[in-house]
Amino acid sequence: MIGSIYAGWATATESAALGVLAAVGIAAANRRLTMRMLLSAFEGTMRTTAMIMAILLAAYFLNFVITSIGLTRQVNSFITELGLSKLQLLVVVVLFYFVLGMFMETLSMMVATVPIIAPVMIKAGYDPIWFGIIIIILMELAMITPPVGINLYVVQGLRKRGRINDVIIGSAPFVLTMMLMLLVLSVWPQIALWLPGMSASN
């Protein structure tokens, strides 16, 4: 799945479909492909999809309320009045998402906060493409930070042994690597903007 994405053969959605086909093939090869197993998989998929859709609906409703009461404009004015420098603002935003990602699911976090934070960052002079990449890294970071990092529980479910504390300790190097990546992109933003710049020039 990952190889097909990085090779450019398939999108993330298409590679997920390939993963399903591969899983069905492996189950059939191991003689475990039964109707009962398929119904259980379908039920789990529906439960997960319903949960994500409920979160998204609530997040979109929250966005509607925030926009209706003018909170976005008020937050922009408040942050502007603080007189923070570009670097200070970036540090505050990174810390905000780092802490929020420990307790909130990533998709709902993006839907609920990006419409407020993005205008502030763009107004401060940050490139929207660069900021989008920073947000993606922060979201990926949120998925491996306890206690609500969903990928931690996925790995623990696959292990089926030991404690989740072992998974958390094992994810620590990746957390540090992503923090280092954020630092590098902050110091040299052209790393993130080089490829889009090449595409625009062509």
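The values are calculated or read from the model by the stated rules, or taken from the named source; none is laboratory data. What you see is a predicted model, and the numbers here were worked out from it, not measured in a lab. Glycine gets a Cβ as well: all are built from the backbone with ideal geometry, and neighbour counts include every protein chain shown. The area values use the complete protein model at the heavy-atom level, side chains included, leaving out ligands, DNA and RNA. Shrake-Rupley method; radii C 1.70, N 1.55, O 1.52, S 1.80 Å.
What to note about this one:
- Residue in region 49-67 that is open to solvent by less than 100 Å² (accessible area, probe 1.4 Å) and part of a loop (DSSP other than H, G, I, E, B) present: no
- All positions within region 132-146 that are under 8 Å from the mean Cα position of the chain (by Cα), open to solvent by 30 Å² or more (accessible area, probe 1.4 Å) and not acidic (Asp, Glu): ILE136, MET143
- Residue count for region 162-202, restricted to those that are open to solvent by less than 50 Å² (accessible area, probe 1.4 Å) and hydroxyl-bearing (Ser, Thr, Tyr): 2.
- Taken over region 1-32, the criterion of being assigned to a loop (DSSP other than H, G, I, E, B), of a type outside the set (Phe, Trp, Tyr) and open to solvent by 70 Å² or more (accessible area, probe 1.4 Å) is satisfied by MET1, THR11, ASN30, ARG31, ARG32.
- Scanning region 72-109 for residues that are open to solvent by less than 60 Å² (accessible area, probe 1.4 Å) and part of a helix (DSSP H, G or I) yields a count of 15.
- Restricting attention to region 110-128 and to residues that are among the β-branched types (Val, Ile, Thr) and free of Cβ contacts under 8 Å to residues at least 24 places away in the same chain, the residue that is surrounded by the most Cβ atoms within 10 Å (Cβ to Cβ) turns out to be THR113.
- Pairs, first farther than 20 Å from THR45 by Cβ in region 1-30, second outside any helix (DSSP H, G or I), C-beta under 7 Å, six or more apart: SER4/ALA10
- Evaluation of MET102 against (1) within 20 Å of ALA192 (Cβ to Cβ); (2) touching a residue at least 12 places away in the same chain (Cβ under 8 Å) (one fails), failing number: (1)
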